[in-house]
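The values are calculated or read from the model by the stated rules, or taken from the named source; none is laboratory data. For clarity, every value in this text was computed on a predicted model and none was experimentally measured. Reconstructed Cβ throughout: ideal geometry from the backbone, glycine too, with neighbour counts over all protein chains shown.
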Amino acid sequence: MSTFNTRPIVAIAAALLFALIATSASAQNVVLRYSQWIPAAHPTQRDGLHKFFEDVAKATEGRVRIEPTAQALGAPPRQMQLAVDGITDVAWGLHSYTPGTYPLAEMAELPFLTKSTEANSVAYWRVFKALFEKTGMHPAGVHTLTVHVHPAGQLYLNKKVIRSVDDFKGLRLRATNAITTAAFEMFGATPIPIPVTQLRDALSKGIADGTSFLDESVFGFKVEDFVTSTTRIEGGFFNASFFLVMNKGKWDAIAKKDQDAITALSGEALARRIGKLWDTEEAIAGDKLKARNVLWVNADAAMMTKLRESLVPFEKKWIESTRAKGVDGAAALKMFREEVEKN
């Protein structure tokens, strides 16, 4: 009687099973590049996004890892497009770096609205999810992980002082966004629209007399030697809108259970996390500025009245601009204010 040797078949079957398991595991393991254009030691990166990346890896048991690049994959204003094009997988940046591209984002940048970074960031995310996301505010080529803001923006001068609206005249000031650009022009200053990465050079060489900025960022971008005074506006002279997005194709390649784990860490949770972190850093930096004997000018009642008369119309202009996007701007701004007060 002949004997049929089954060992080769068993070996082949085992090899095929191993290959199938390996292929399945490989398909679910995703390594994503994050374009690191801002210094990695900046609190929003070191203690904010990088910690979020670590939590993503833990929540997905290592199946999804987000790794910062050694250097930026493109200029700061190109971060969203880099994610759309797949040059980077994850991108963080400011909507205002490409003026006019994200008009709905300008709501979060209006003056006098900031209660705290945490409160405003959470409120912004809620408005985004309820009203803005469905309009296609962000390109179809990305998946939005969160939107948020920074602390109330103030004014910082080198060898100059702003005590009244008239003191803006003749100054050259770095403008953060469309609102600060328009305000500076209205008050007789010359706006200089440069990315934050060029600010130190502009201040050190006298190209700029000052900037719209944050206490924390004065130290984060090492311009403290060029700040001799700061003018404080109640509720902020401006704010800035940020995004964190992932290339849509890369998002779709992530297993559903891992998408769910990432979603739980993103959105409102991440907006709150970054906001709370930034509030803490801002308070510390404010004390450091005072310790350096930086002149602290709180806008008086007369200056605040003039500022409000001049800048509140920006709200009306923004509301009118939202019609083209199919959004009730008045309702969105009302919701934003209400959500801010809840936090």
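All of (1) touching a Gly at 6+ places or on another chain (Cβ under 9 Å); (2) closer than 28 Å to Glu282 by Cα; (3) surrounded by fewer than 21 Cβ atoms within 10 Å (Cβ to Cβ) hold for Val84 with one exception: (2). Within region 258-293, the set of residues being under 19 Å from Ala130 (Cα atoms) and free of Cβ contacts under 8 Å to residues at least 12 places away in the same chain comprises Thr263, Ala269. Does at least one position in region 132-146 carry a residue that is hydroxyl-bearing (Ser, Thr, Tyr), in contact with a helix residue (DSSP H, G or I) (Cβ under 7 Å, 6 or more places away or on another chain) and surrounded by fewer than 19 Cβ atoms within 10 Å (Cβ to Cβ)? Within region 132-146, one or more residues are hydroxyl-bearing (Ser, Thr, Tyr), in contact with a helix residue (DSSP H, G or I) (Cβ under 7 Å, 6 or more places away or on another chain) and surrounded by fewer than 19 Cβ atoms within 10 Å (Cβ to Cβ). Just so you know, in region 156-190 the residues that are among the hydroxyl-bearing types (Ser, Thr, Tyr) and in a loop (DSSP other than H, G, I, E, B) include one that is farthest from Met107 (Cα to Cα), and it is Ser164.
Cβ separations smaller than 6 Å between residues 6+ apart or across chains give the following pairs from region 60-87 residues that are touching a residue at least 24 places away in the same chain (Cβ under 8 Å) to residues that are among the acidic types (Asp, Glu) and not in a strand (DSSP E or B): Thr60/Asp258; Arg63/Asp258; Val64/Asp258.
Scanning region 191-209 for residues that are over 22 Å from the mean Cα position of the chain (by Cα), surrounded by 14 or more Cβ atoms within 10 Å (Cβ to Cβ) and not in a loop (DSSP other than H, G, I, E, B) yields Ala202, Leu203.
Selection of first residues in region 184-212 that are at positive phi and of second residues that are at pLDDT 95 or above and surrounded by fewer than 15 Cβ atoms within 10 Å (Cβ to Cβ), restricted to Cβ pairs under 7 Å at least 6 apart or on distinct chains, gives the following pairs, ordered by first then second residue: Gly188/Lys169; Gly188/Gly170. In the set Ser96, Ser116, Ser121, only one residue is at pLDDT 95 or above, under 19 Å from Thr144 (Cβ atoms) and not hydrophobic (A, V, I, L, M, F, W, C); that residue is Ser121.
Restricting attention to region 134-155, which residues are more than 16 Å from the chain's Cα centre (by Cα), more than 27 Å from Thr211 (Cα to Cα) and outside any loop (DSSP other than H, G, I, E, B)? Within region 134-155, Lys134, Thr135 meet the criteria. Restricting Ser204, Ser217 to those that are within 30 Å of Ile66 (Cα to Cα) and hydroxyl-bearing (Ser, Thr, Tyr) reduces the list to Ser217. With the structure loaded, tell me whether Ala255 is free of Cβ contacts under 8 Å to residues at least 12 places away in the same chain and farther than 22 Å from Gln81 by Cα or whether it fails that test. The answer is no for Ala255.
From the list Phe128, Phe132, the lone residue that is of a type in the set (Phe, Trp, Tyr), more than 30 Å from Thr230 (Cβ to Cβ) and out of contact with any Lys or Arg (no Cβ under 9 Å at 6 or more places or on another chain) is Phe128. The set of residues in region 228-244 being surrounded by fewer than 18 Cβ atoms within 10 Å (Cβ to Cβ) and part of a strand (DSSP E or B) consists of Arg232 alone. Farther than 23 Å from Ala283 by Cα, assigned to a helix (DSSP H, G or I) and without any contact (Cβ under 8 Å) to a residue 24 or more places away in the chain, is that true of Asp225? Answer is no for this residue. Scanning region 76-89 for any residue that is farther than 21 Å from Lys250 by Cα and more than 15 Å from the chain's Cα centre (by Cα) turns up nothing.
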